[in-house]
Amino acid sequence: MSGLAGLCVRAVCWFGLVRLGGGSWAWLKPNQVDEVPVKRPQRPPHIIFILTDDQGYSDIGYHSAEIRTPTLDRLSADGVRLENYYVQPLCTPSRSQLITGRYQIHTGLQHSIIRPRQPSCLPRNLVTLPQRLQEAGYSTHMVGKWHLGFYRKDCLPTRRGFHSYFGSLTGSVDYYTYGSCDGKSLCGFDLHDGESVAWGRAGKYSTHLYTQRVRKILASHHPDQQPLFIFVSLQAVHTPLKPPKSYIYPYRSMGNVPRRKYAAMVSIVDEAVHNITYALRKYGYYRNSVIIFSSDNGAQPFTGGSNWPLRGRKGTYWEGGIRAVGFVHSPLLRHKRRVSKALLHITDWYPTLVRLAGGNVSQDQGLDGYDIWPVLSENKESPRLEILHNIDPLNRQGLGSWQAGQGLWDTTVQAAIRVGDWKLLTGDPGHGDWVPPQVLTSFPGGWWNLERGTGEVKKSVWLFNITADPCERNDLADQRPGVVRKLLARLVSYNHTAIPVCYPPDDPRANPNVNGGAWVPWVDEEEQEGKWSGVYYKRGRNRKRKKCRFCKIRSFFKKLNWRIMSNRI
């Protein structure tokens, strides 16, 4: 049993006192502690940030023996494993917070993701992480998935701080053909080199292709002349599950076919990291390098991933959707070979890396991230006392009310916040089951062993002591109304700083069929912005839906049929 799994069992019997980083209940003060002087590298280090897609908490060797990741296990064991590290539940939100150092409520990207046809992108008035690194003298490069909007050329990675870019602009593409579809019928080619469509590069598995590009960048650059920043944003292990067959063979004894293919894709990621670190050593970067590995959100259990023993999945604000796999490996770390339980968030990488590079973050007003290099290198206390997971005013459910929010907060609104040991959720947090790894091929192994939360009374407020109960099995909202009230007050405080949501309707001009068959920018540089700003509510979103007696049964048998057939492939 892993450490977290064991804690999940023990948490049923214990709810200890809260720890608030040295304070008691002074939660309405700024989320910060005094800065401690720390020794930093004399030369700006080469920074390699590797971000995987949809990799769950149990989808790495040091959390699950069934997954073979010898390189990731070795690098993390010789570095600092991050075991209290959070990201966002979806692709666009995590990437936007990494690149800007700001919560979604401060970028207008609170709701869902940026879809291919939406005239939306990362706010162009914000200075990005690679732009700050360029100012510090870095050569900056991005390889892989962007998913931060591309309707204008000004939204492209090469216009947002990267000297070079090679990858896909949308959220999901085929690993070989690089076809990307928005819905079932609207599809286009999505592989770009700089600002041009890379038509001739299709046919090679994307993780291999991206690794090849990273090694080319390392080979063509001189490590002593200029510091390097490479953002390796892998498509893996997002669906579709299409690993080369040779990588599936080591997992042939794994009965569940989606899990078998998914595990093979994780192994390919491990091989890619091995090849990248080998190139760092070969070309003379390694001794002055910092390697950061992170997943972007939780996994989808029914397409092979696993967040076990955590609750929930990708797209939810339960721990399974937002607690990430992550580690830092670097010869520059002063205290390594350890596990960090410090509270960290993906927004923290922005100020951390800018200051590590010798840059100045004081000019970036409104950052939500903190410089955590003292935490990583010297095992100092984390400056972070709380995390706003999100406030999404467009995502509402009918069970909430102002009364349930003690007159402070409308609990129909989807929101989640972590303060000290406590975590509060309101509205609809998303699918809240605990899903064991899908390793068996039989029907009972796939479904009857699935822990379901259907017996829980429908409600709109949840409270957990996450330190004592990381698997969120013991809701304390009714027992601790005072704690609920304090966290609701923090939500109100954050909400006062939020900017309007930007979630515009689809633009028919984005259709690849009228753009040469590829997903490319479609709005002219001269076109005014005002036409596309604002919020779009989907048609019928706020209407009451008629109850369907057979919908749940039909959905169950549809999923059941898919699982039975998939296990026969």
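The values are calculated or read from the model by the stated rules, or taken from the named source; none is laboratory data. Being a predicted model, the structure only gives us computed values, none of them experimental. Cβ sites come from the backbone with ideal geometry, for glycine too, and all protein chains shown count toward neighbours. Note: accessible area is taken over every heavy atom of the protein model, side chains too, but ligands, DNA and RNA are not part of it. Shrake-Rupley method; radii C 1.70, N 1.55, O 1.52, S 1.80 Å.
For the range 522-542, indicate whether the set of residues that are in a loop (DSSP other than H, G, I, E, B), open to solvent by less than 50 Å² (accessible area, probe 1.4 Å) and either among the hydrophobic types (A, V, I, L, M, F, W, C) or modelled with pLDDT of 90 or more (or both) is non-empty. Scanning the range 522-542 turns up at least one residue that is in a loop (DSSP other than H, G, I, E, B), open to solvent by less than 50 Å² (accessible area, probe 1.4 Å) and either among the hydrophobic types (A, V, I, L, M, F, W, C) or modelled with pLDDT of 90 or more (or both). If the condition is being crowded, with 21+ Cβ neighbours inside 10 Å and either farther than 11 Å from Ser460 by Cα or not small (Gly, Ala, Ser) (or both), then the range 400-411 contributes Trp409, Thr411.
Take the conditions (1) in contact with a Phe, Trp or Tyr (Cβ under 9 Å, 6 or more places away or on another chain); (2) within 17 Å of Ala324 (Cα to Cα); (3) open to solvent by 10 Å² or more (accessible area, probe 1.4 Å); Glu83 misses just one of them, which is (1). Of the candidates Gln118, Gln104, Gln110, the single residue that is under 23 Å from Pro429 (Cβ atoms), in contact with a Phe, Trp or Tyr (Cβ under 9 Å, 6 or more places away or on another chain) and open to solvent by less than 10 Å² (accessible area, probe 1.4 Å) is Gln110.
Evaluation of Val484 against the conditions (1) in a loop (DSSP other than H, G, I, E, B); (2) at pLDDT 90 or above shows that the sole unmet condition is (1).
Restricting attention to the range 172-187, the residues that are open to solvent by 10 Å² or more (accessible area, probe 1.4 Å) and assigned to a strand (DSSP E or B) total 5. Taking residues in the range 414-426 that are aromatic (Phe, Trp, Tyr), and partners anywhere that are not in a loop (DSSP other than H, G, I, E, B), the pairs with Cβ atoms closer than 8 Å and at least 6 places apart or on different chains are Trp422/Leu463; Trp422/Phe464; Trp422/Asn465; Trp422/Val483; Trp422/Leu487. With Gln134, Gln55 as the choices, which residue is of a type in the set (S, T, N, Q) and out of contact with any helix residue (DSSP H, G or I) (no Cβ under 9 Å at 6 or more places or on another chain)? Exactly one of Gln134, Gln55 is of a type in the set (S, T, N, Q) and out of contact with any helix residue (DSSP H, G or I) (no Cβ under 9 Å at 6 or more places or on another chain), namely Gln134. When Gly284, Gly255 are checked against the criterion of being in contact with a Gly (Cβ under 8 Å, 6 or more places away or on another chain), surrounded by fewer than 24 Cβ atoms within 10 Å (Cβ to Cβ) and either modelled with pLDDT under 95 or not in a strand (DSSP E or B) (or both), Gly255 stands alone in meeting it. For beta carbons closer than 9 Å, sequence separation of 6+ or different chains, a first residue in the range 146-175 that is without any contact (Cβ under 8 Å) to a residue 12 or more places away in the chain and a second that is open to solvent by 10 Å² or more (accessible area, probe 1.4 Å), the qualifying pairs are Arg159/Arg124; Arg159/Lys153; Arg159/Glu195. For Arg490, the test of being modelled with pLDDT of 95 or more, under 21 Å from Gln414 (Cβ atoms) and either surrounded by 22 or more Cβ atoms within 10 Å (Cβ to Cβ) or not hydroxyl-bearing (Ser, Thr, Tyr) (or both) is passed.
Being part of a loop (DSSP other than H, G, I, E, B), modelled with pLDDT of 95 or more and over 30 Å from Gln403 (Cα atoms) holds for only one residue in Asp469, Asp506, and it is Asp506.
So, in the range 340-355, of the ones that are open to solvent by 10 Å² or more (accessible area, probe 1.4 Å) and not aliphatic (A, V, I, L, M), which residue ends up nearest to Tyr138 (Cα to Cα)? Per the criteria, the residue is Arg355.
Among residues of the range 491-503 being part of a helix (DSSP H, G or I) and of a type in the set (A, V, I, L, M), the one that is nearest to the chain's Cα centre (by Cα) is Leu491. Applying a threshold of 6 Å to beta carbon distances and a minimum spacing of six or more residues, or different chains, the list of pairs starting in the range 229-257 at a residue that is closer than 25 Å to Leu90 by Cα and ending at one that is assigned to a strand (DSSP E or B) and of a type in the set (A, V, I, L, M) reads Phe229/Ile47; Ile230/Ile48; Phe231/Met142; Val232/Ile50; Val232/Val143; Ser233/Leu51. Screening Pro227 with (1) more than 28 Å from Pro521 (Cβ to Cβ); (2) open to solvent by 40 Å² or more (accessible area, probe 1.4 Å) gives one miss only, at (2).
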